[in-house]
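The values are calculated or read from the model by the stated rules, or taken from the named source; none is laboratory data. Nothing here was measured: the structure is a model prediction, and the numbers come from that model. No Cβ is skipped: glycine too gets one built from the backbone with ideal geometry, and neighbour counts run over all protein chains shown.
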Amino acid sequence: MSSVPAPPAISLRGVVKRYGDVTAVNGLDLTVPDGTCVGLLGPNGAGKSTTMRLLTAQAIADEGEIEVLGFPLPAESKAARAEMGVVPQLDNLDVTLTVEQNLLVFTHLYRIGRGERRAAIERALEIANLRERRKARVDELSGGMRRRLLIARALVHEPRLVLLDEPTVGLDPQVRQELWALIDRLRSEGASILMSTHYIEEAERLADTVVVVSKGQAVAVGRPNDLVAEHAGREALEVYGPPARLREVEADAAQRGWPTRRTGTSVTILRAEALNGDAPEGERRNANLEDVFVLLTGEEIA
């Protein structure tokens, strides 16, 4: 007897969200298969945070259909929220309470039974490695500890789905690595995760599937390695030089039909494995997800 596959944890079909004359999400299709981690990768202003607000019913779509854990939104948003954990981009912890007290408040909000609250708090403290700081007030914690507490708070009721909105924004590399290990643990334990980010390495390391968004639309979907192979090829040729030289290289590449991207003081020619002997001098390297990201979302800063 063949088993029936589980329905997706998240399904968005043709979703549109407007704020006046601005269309923040523009016909977005997005699927998060059950038990996977999907990275929503895009520049600032691409619609990532608006998508997260739609999934928590903090914003209501103007068009399209949204289902979370089988519940249609916004009609059954309360039922969906009860089974998901949300880690917001902005820190909204109560700084007047201790670590343990913050978690206790959320055991009440998620209606965890009185006899189960202590075990739920201990489990969350263990996941976030905060047992030794349980009595510390939040305003005594480092930035990394506060982010871990935000994640622990989202997990206190053992949700089926976790939404992570820019989970490591503003953190130094060492703390980011620590949080990556925590997120990877959730992923390996089979949690369904949607993670919005603009950190290329974060999406590359943690996501089973990456959805690249630009101007509120999904412009590419796939496994990180597959997206690199499809859009950037195997190799890239990095050419350095003064601005006049780089413009010359870009013009020549455009004439020959070679895809390029500009990165500061260099021009990168993609699909370098297919270049003939006329290619300019430069350093060859493996193509990567950053090449895909810039190629698909543009080089201009929003």
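Observations, loosely collected:
- Out of Gly257, Gly277, Gly298, one residue alone is out of contact with any strand residue (DSSP E or B) (no Cβ under 9 Å at 6 or more places or on another chain), outside the structural domain of Ile193 (by TED's automatic domain parsing) and either among the aliphatic types (A, V, I, L, M) or at positive phi (or both). It is Gly257.
- Considering (1) touching a strand residue (DSSP E or B) at 6+ places or on another chain (Cβ under 8 Å); (2) on the phi > 0 side of the Ramachandran plot, the lone condition that Gly70 does not fulfil carries the number (1).
- Scanning region 109-137 for residues that are exposed (fewer than 15 other Cβ atoms within 10 Å of the Cβ) and under 22 Å from Leu69 (Cα atoms) yields a count of 2.
- Candidates Pro74, Pro167, filtered to the one that is surrounded by fewer than 21 Cβ atoms within 10 Å (Cβ to Cβ) and within 30 Å of Gly45 (Cβ to Cβ): Pro74
- Sole residue being modelled with pLDDT under 95, among the hydroxyl-bearing types (Ser, Thr, Tyr) and surrounded by fewer than 16 Cβ atoms within 10 Å (Cβ to Cβ), chosen from Thr265, Thr297: Thr265
- Filtered residues of region 132-154 (kept if of a type outside the set (A, V, I, L, M, F, W, C) and either assigned to a helix (DSSP H, G or I) or touching a Pro at 6+ places or on another chain (Cβ under 7 Å) (or both)): Glu132, Arg133, Asp139, Glu140, Gly143, Gly144, Arg146, Arg147, Arg148, Arg153
- Taken over region 224-237, the residue count meeting the criterion of being touching a Ser or Thr at 6+ places or on another chain (Cβ under 6 Å) and loosely packed, with under 15 Cβ neighbours inside 10 Å is 0.
- Here Asp94 fulfils each of the conditions (1) surrounded by 14 or more Cβ atoms within 10 Å (Cβ to Cβ); (2) more than 23 Å from Thr51 (Cβ to Cβ) apart from (1).
- Number of positions in region 260-274 that are among the charged types (D, E, K, R) and either in contact with a strand residue (DSSP E or B) (Cβ under 6 Å, 6 or more places away or on another chain) or more than 17 Å from Leu296 (Cβ to Cβ) (or both): 2
- Scope region 276-286; condition at pLDDT 90 or above and not in a strand (DSSP E or B); matching residues: Pro280, Glu281, Gly282
- Lone qualifier among Glu204, Glu158 - being in contact with a helix residue (DSSP H, G or I) (Cβ under 8 Å, 6 or more places away or on another chain) and within 30 Å of Arg114 (Cβ to Cβ): Glu158
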